[in-house]
Protein chains: 4
Amino acid sequence: MNTLGHLFKITSFGESHGKAIGIIVDGCPSLMEIDAQFIQSKVDKRRPGQSNLTTSREEQDEIEIISGVFEGKSTGAPIAILIKNKDSKPEDYDHLKDVYRPSHADFTYQQKYGIRDHLGGGRSSARVTAGWVAAGAIAQLFLNHYQIDIKAYVKQVYNIALTIPYSDLNLDNIESNSIRCPHPETAQLMEQEIVKAKLEGDSLGGIIACVVKNCPIGIGEPVFDKLNAKIAHAILSINAVKGIQFGEGFGSVNFKGSEINDGFITHNGKVQTITNNSGGIQGGISNGQPIYFETAFKPTASIRKPQQTIDKSGRSIVLETSGRHDPCVLPRAVPIIEAMTALAIADLILLQKTNTL
Amino acid sequence: MNTLGHLFKITSFGESHGKAIGIIVDGCPSLMEIDAQFIQSKVDKRRPGQSNLTTSREEQDEIEIISGVFEGKSTGAPIAILIKNKDSKPEDYDHLKDVYRPSHADFTYQQKYGIRDHLGGGRSSARVTAGWVAAGAIAQLFLNHYQIDIKAYVKQVYNIALTIPYSDLNLDNIESNSIRCPHPETAQLMEQEIVKAKLEGDSLGGIIACVVKNCPIGIGEPVFDKLNAKIAHAILSINAVKGIQFGEGFGSVNFKGSEINDGFITHNGKVQTITNNSGGIQGGISNGQPIYFETAFKPTASIRKPQQTIDKSGRSIVLETSGRHDPCVLPRAVPIIEAMTALAIADLILLQKTNTL
Amino acid sequence: MNTLGHLFKITSFGESHGKAIGIIVDGCPSLMEIDAQFIQSKVDKRRPGQSNLTTSREEQDEIEIISGVFEGKSTGAPIAILIKNKDSKPEDYDHLKDVYRPSHADFTYQQKYGIRDHLGGGRSSARVTAGWVAAGAIAQLFLNHYQIDIKAYVKQVYNIALTIPYSDLNLDNIESNSIRCPHPETAQLMEQEIVKAKLEGDSLGGIIACVVKNCPIGIGEPVFDKLNAKIAHAILSINAVKGIQFGEGFGSVNFKGSEINDGFITHNGKVQTITNNSGGIQGGISNGQPIYFETAFKPTASIRKPQQTIDKSGRSIVLETSGRHDPCVLPRAVPIIEAMTALAIADLILLQKTNTL
Amino acid sequence: MNTLGHLFKITSFGESHGKAIGIIVDGCPSLMEIDAQFIQSKVDKRRPGQSNLTTSREEQDEIEIISGVFEGKSTGAPIAILIKNKDSKPEDYDHLKDVYRPSHADFTYQQKYGIRDHLGGGRSSARVTAGWVAAGAIAQLFLNHYQIDIKAYVKQVYNIALTIPYSDLNLDNIESNSIRCPHPETAQLMEQEIVKAKLEGDSLGGIIACVVKNCPIGIGEPVFDKLNAKIAHAILSINAVKGIQFGEGFGSVNFKGSEINDGFITHNGKVQTITNNSGGIQGGISNGQPIYFETAFKPTASIRKPQQTIDKSGRSIVLETSGRHDPCVLPRAVPIIEAMTALAIADLILLQKTNTL
């Protein structure tokens, strides 16, 4: 339903054009410094209107901490965060009231609940992920106590792919461009494709890679709460995600066991794997190597090009919209990937505290 | 931890070479006919020793229903199923007691818990999935009341791929060969590769496709329990899985929104999508089209070829094993994929019962 | 932690003197009319300042529905409700910053978390129950679809007890007096005792009875989510509650089995019990008879009389407070009891929907 | 449903006359010595046939550990325990197949599920608590690491009450008599009453007190998982329990705040309360004082005396049974109370590990 996590738990609420969207973080350990500016900075990375590549909807997405923080520190009580909806234009959506937009959730929500808030997608809008990013920032503040570093970046947009492996990239370059691709030349090619799609009234998908460094060994529960299963669950909660793969992922199919197994060595007294084809996870548990996974996003469903579909009464219509949409969500999805990853890992770190005496 | 599901819940227990492995199914509606032979037939599909392609471990995997069934029917009480371990040879594993096998869970379990049952992988063994298959069979008995049909098949083994889309295949052919590939010619090529790998003492991975027909519209919770997120969580619990993709998945990256969006039409008074690139799921909710997803399995970690690794004390060793392993787990993984899918859908169907008055 | 319920779930947040307190209701079925005035009317019953018997803190406790309601109806999305704190006087609490008030949660919170918001008790304040009452009102709106009627009343204040059994009382009289006792003469005696205690700077406890009529047969899960166990869990979440008993409760000890067993009869074609010593629950499941239970509240911990205690450094002090406290919380606790009962039953009714095909 | 606990979780299964009853303990920390004899000794305390006061059903209740223990130690994997049903006499229950026994769960189960296993009460039988006691013993092994000591005793049987407060009793005497009352003279009076009731074919209820010593300060979650709420939930899961009260409980109603508040003092550098009317819990959190609560059991519903009731078709009948029943369950309920208390506290101790950095 609307709660994720077993110990570091978030509860999401709100609709795209309601009064506000928000998040409750329950289970955050006490006595942590809750740096509101840090949280805001993460939310800002997801905010619309950061560049000409994103929707022109104007939202400041100002976070307001309602509870759980006293004199700058977490108290152990639930931290509620509110983000008011300001640039809401309900009248913009009158023509969509009875339309089932292609590859959107209009039809499925209507069938599921018998009612739907159609304003900007209502509950199904990616706008609600702003709250998740705020919660993920709090999770990251917790992970900072373990020096865990989570970095996501855009690896592919449409047919422009960055083929250099994560270990050979300078991840400090991610924020050097509006695409959030650590390879500036590739970023430029991606940007060109996005601008082109925008002009065409079309949209593009792509792949986001995520690297987690310094995750302690032993995180992830065997069997049903494997680290990869928990990350997958969190990541597949994000709108437009169509796939996830860990380590070599689908590519591992092209190797034999003898080629892809990660043997162990001792290096400077520390156990490591020789290769990291597993992506840092073995038997569902972190092994101390960088955790690596990739997420596939389909092209944004909202496009300006005319499309064939039906309305609520079943009549065929041609849909032409002029809404404020992103031609490619990937740059704004980078902080969401990081947030969901942080939340999954924070939850499992707390769980691991309970596995030994 | 060891329970999966919110309403149709399973709790798994047992180790590879302990007294038994087993499963508790809690939340199964009452008054269902519990056909023990059907459950056994599903477990048999996962059983070792079905063909020369699988491990020679001899396990009858006989299910024993302990509770929850009265005069052939479910009573609403938890259904406990026990599968005794019979062909257990603990002495076979003495040489592995202190070894960290490459790409196995030996190292991570040891680090996580400070102790591990090393016999045949203990708790981390894929043997425990026999219980999941039994539970999945009960879920399927429940789904039969909705005429929901779940069929998984081997789509790729190593570099032998079946490229015909699911909609053009005769899925009744899946069981016509020991590979469980619905295209007999491709199955034969796959078998040849597996035999070759077996002779080499090596192993192969591959891709399993899964098709769910007749899933009612409206199944899947928005936000954090999306149908795809729940399926992914369940599927990534299976050993050796490295990725999952829905509909066009990672391939959707190569299309533009206008090319891949699934517009709606009305056909014989029923709402359908023109294409099914979404794989039957929109906004995390089933839309009535076939649900389609693919799962990537890495090559089995257990191989006979010598491998470089270390022992518990950190010393480098060359590992040579002659255990009873599968050169390719995919044929035996087909019923596991079906089981986990059935469990995820059964859980969400029960949940959907509570979404309306 | 801060979430209660399995399907009809509430998540509570907020502190007594923070920006707001609030509640998220997740799992409320769609298409229900959400009558905001009804919710407000329930919250008003818990509000301070209703009579001279309650604290003089001035809070309008105005509810603000943030999400989950569209055109007056529930959409299936989480319903967030905010209640702003207005008459907050942080400075009133400066002298309590380092004091461990007797029978309050100051000491235990400080030890548990290493930090505490001392303003009006912070998270431990009964003020947070205003959100629970709002959520309970939504649960009641759901229960209205089953004609379920929940009525709580004050049965005892200090040594003034109403001895007439619930079945012989006119429960429509509950709101006829500020005590919420359905027997006006007894109410008057209770009021006199409360006024006396107020003048003395002391406080009184008592017993609240609760009667649930028209609960369908079959509600409550056997074993660990028995109807009585779920109600007890919910009720013991309320501040100052020290005990709960169902049906004849502790009094049943004074009878023999033959005297207290509830035999069955058929009356007008309906199965009933001859007596209702079980309080409407057998084997943890509702049997169609009125559900009856009683809750014991200790006297309010906050009193004006000087008390011996210590401060944070361990030094003995005499505490004299002049805060705005209730000499007896029972009248204001009546709507809280009703709310928690409604939430427990709503949750189990949704669960029962999943127990049969 | 059939799982209890958030981190130290038990899943119960089995019926009175099925193949076996059992329990899965999930979340038990690794590297704990699992003393099977200790577990068996606890189960033996609950076993039928210990004295002439209990049912003559002959069950050895031999525990069999199926999983989760390796070389005598917990591995972190779920611990499954099986207890086979041996002295099962299904034919004894033929005459009860269609009868709704007074104050039993026959009627409510039938209405809830549309089917019921009538053999010895099936799932609703108190026999399933044997598994809980085994699980509670494992919880106690965990609590031993904190020196937590849990002792329950019979405080009242029918009208024979032990009025000496727990703090003045020698709790080492509990096992000195078959009643499990620490005051031998009172035990003798209780025994006489039970024998009398047995001869009459009647049954008696009573009160069990429970004292927990050395519980660390800070255990219990504020708001919805208060220590008292969790204990109440666990205790009210036990058959025949009709009420629970903490500290002074219902009796606290007879005092004023100034008389009953527990002020703090510093004693030998340790913070204590002057009195312990709160029963060791303030704001839902343990305060370091002994935790004290009492549980009311109604008389056993099964009696030999003829009773008026109906059968499934609604016809009035007079029920006369000659089953093997306990005239008073209290002595055998003592280990159950201890087990459920240990489980609740173990769960909250694990949770408390996650509340701070």
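Here, each number is a calculation from the coordinates, and none is a lab measurement. Computed from a predicted structure; not experimentally measured. As a convention, Cβ positions derive from the backbone with ideal geometry for all residues, glycine included, and neighbour counts pool all protein chains shown.
Below is a table of values for the structure above.
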| quantity | calculated |
| --- | --- |
| Gaussian network model of chain D, springs between alpha carbon atoms under 10 Å - residue of D:146, D:113, D:166 with greatest fluctuation | D:113 |
| Normalised contact order of the range C:3-353, rounded percent, pairs of Cα under 8 Å and 6 or more residues apart | 22 |
| Overall form of the range C:216-271 per C-alpha gyration tensor (a/c, 1.5; a/b vs b/c) | oblate |
| Surrounding net charge for residue A:249, when Lys and Arg each add one and Asp and Glu each subtract one, Cβ distance under 13 Å | 0 |
| Net charge of Cβ neighbours under 10 Å - reference residue A:344; Lys, Arg +1; Asp, Glu -1 | -1 |
| Residue with peak Gaussian network fluctuation, chain B [Cα springs, cutoff 10 Å], from B:53, B:343, B:319 | B:319 |
| Under 22 Å from residue A:196, Cα to Cα: lysines that are on another chain or at least 8 residues apart | A:155, A:298, A:305, B:256 |
| Hydrodynamic radius of the range C:90-222 per Kirkwood, over alpha carbon pairs, in Å | 18.2 |
| 0 to 90° range, to nearest 10: angle between helix A:129-144 axis and chain A longest Cα axis | 20 |
| Gap separating the Cα centres of the range C:271-347 and the range A:144-217, nearest whole Å | 56 |
| Two-decimal Rg to Rh for the protein assembly as shown - Kirkwood Rh, Cα set | 0.96 |
| Choice from A:134, A:161, A:333 with maximal GNM fluctuation in chain A (Cα, 10 Å cutoff) | A:161 |
| At q = 0.10, 0.26 Å⁻¹, base-10 log of I(q)/I(0) for the range A:269-356 (Debye sum, equal scatterers on each alpha carbon) | -0.53, -1.30 |
| Range of Cα positions in the range A:152-280 per principal axis (Å), largest first | 54, 33, 29 |
| For the B-to-D rotation axis, chain B residue with nearest beta carbon and its distance in angstrom | B:11, 2 |
| For chain C, with +1 on Lys and Arg beta carbons and -1 on Asp and Glu, the positive-most of C:76, C:296, C:210 along the dipole | C:296 |
| GluC sites (Glu not before Pro), loop per DSSP, at most 15 other Cβ atoms within 10 Å - longest free stretch of chain C | C:72-319 |
| Computed Rg/Rh of chain C, alpha carbon atoms with Kirkwood Rh | 0.98 |
| Radius 11 Å from Cβ of residue A:237, net charge of other residues (Lys, Arg +1; Asp, Glu -1) | 0 |
| Dipole in debye (nearest 20) - the range A:109-219, about Cα centre, beta carbon charges: Lys, Arg +1; Asp, Glu -1 | 520 |
| Listed residue pairs exceeding 25 Å between alpha carbons, taken from A:84/C:84; B:97/D:73; A:45/A:84; C:84/C:230 | C:84/C:230 |
| Rounded to 10°, Cα long-axis angle of helix C:184-200 versus longest principal axis of chain C | 20 |
| Helical contribution to [θ] at 222 nm, DSSP H n ≥ 4, -39,500 (n - 2.57), averaged over the protein assembly as shown, rounded to 500 | -7500 deg cm²/dmol |
| All Cα pairs of the range C:1-72, percent lying beyond 18 Å | 52 |
| For the range A:1-60 versus the range B:92-119, the gap between their alpha-carbon centres in whole angstrom | 41 |
| Ranking of C:96, A:4 by count of other Cβ atoms within 10 Å, fewest first | C:96, A:4 |
